[in-house]
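Everything on this sheet refers to the single structure shown next.
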Amino acid sequence: MSLIAKDSGESSFTPVPTGMHLARCYRIIDLGTQKTEFQGSIKYAQKVLIQFEVHGEDEQGNALVTSKNEPMTIGKRLTLSLAEKATLRKDLSNWRGRDFSPEELRGFELKNLLGVWAMISVSRSMGNNGKEYTNIATVNPVPPAMKKQGLPQGFNPLGIFSIAFPDMELFETLSEKLKETITSSPEWQSKRNARQAATAEPAAPFADMEDDIPF
């Protein structure tokens with residue numbers, strides 16, 4: 001199962017505090033082609049959601065956990081592209097500490113990000129609808145000194161969802177809003193129509209003439 005970016009967030013109910021946080025990439029979700037609008041311009045592009053679980057404490061020393069005592073999570077929605085000006089390429093280059101080689105630009109497996117730790121910078125912004133959103137501004141590598149001290153144990157199972165080869169067990173763990181986003185994509189609709197066509201039972205030809213056959 002491949003989800004490849006080529007050169008050509010959804011957050012938890014309790015928002016992750018702003019600032020720098022240690023985080024682990026635990027899930028990558030293929031969202032298919034989505035509509036975006038910016039300053040009156042409408043575009044369609046294939047999107048991917050990269051999700052992180054956050055570890056550490058807030059400014060008051062409280063653990064960054066949900067009401068279930070689980071790590072808070074936050075995601076960043078990106079266009080699936082490694083073009084020169086693509087945000088995904090910028091984020092991954094910062095995270096890796098180097099840009100992509102020409103060979104990597106021909107196809108980079110996003111599954112390589114699963115389980116990798118990062119330092120994410122979280123900020124707040126106001127959307128066009130007047131709502132405030134929590135966003136991942138930057139993704140950077142974990143400092144060597146922090147790595148030497150030891151990283152915490154990851155909590156969430158690692159997973160990748162691809163519309164081309166959907167893991168429906170993973171799909172069912174997604175929020176209803178995220179499911180709606182995926183199923184609204186033309187890629188999902190096309191796949192669904194193909195499944196329906198393949199499972200449709202063809203009508204039996206000349207079924208009403210069976211008794212007239214002489215042998």
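Of all the numbered requirements in (1) over 28 Å from Asn156 (Cα atoms); (2) in a strand (DSSP E or B), Glu84 misses one, and that requirement is (2). Residues in segment 50-85 that are small (Gly, Ala, Ser) and at negative phi were compared, and the one that is most open to solvent (accessible area, probe 1.4 Å) is Ser67. When Ala45 is tested against (1) surrounded by 20 or more Cβ atoms within 10 Å (Cβ to Cβ); (2) in a strand (DSSP E or B); (3) within 16 Å of the chain's Cα centre (by Cα), exactly one condition is not met: (1). Checking each residue in segment 118-142 for being hydrophobic (A, V, I, L, M, F, W, C), open to solvent by 40 Å² or more (accessible area, probe 1.4 Å) and at pLDDT 95 or above picks out only Ala137. Taking the listed residues Leu88, Leu114, the one that is open to solvent by less than 50 Å² (accessible area, probe 1.4 Å) and in contact with a Gly (Cβ under 9 Å, 6 or more places away or on another chain) is Leu114, with no other qualifying.
For Gln153, the criteria (1) open to solvent by 70 Å² or more (accessible area, probe 1.4 Å); (2) within 21 Å of Ile50 (Cβ to Cβ); (3) in contact with an Asp or Glu (Cβ under 6 Å, 6 or more places away or on another chain) hold in every case but one, which is (3).
Residues of segment 57-69 include at least one that is outside any loop (DSSP other than H, G, I, E, B) and among the charged types (D, E, K, R). Remark: Met1 falls outside the filter, which requires a residue to be out of contact with any Phe, Trp or Tyr (no Cβ under 7 Å at 6 or more places or on another chain) and either modelled with pLDDT under 95 or closer than 23 Å to Thr138 by Cβ (or both). Any residue at all in segment 6-20 that's modelled with pLDDT under 85, of a type in the set (A, V, I, L, M, F, W, C) and either open to solvent by 50 Å² or more (accessible area, probe 1.4 Å) or under 13 Å from the mean Cα position of the chain (by Cα) (or both)? Yes - at least one qualifying residue is present in segment 6-20.
The values are calculated or read from the model by the stated rules, or taken from the named source; none is laboratory data. This structure is a prediction, so every number in the text was calculated from the model and none was measured. Ideal geometry is used to build each Cβ from the backbone, glycine not excepted, and the neighbour counts take in all protein chains shown. In case anyone asks, the SASA skips ligands and DNA or RNA and just uses the protein heavy atoms, side chains included. Shrake-Rupley method; radii C 1.70, N 1.55, O 1.52, S 1.80 Å.
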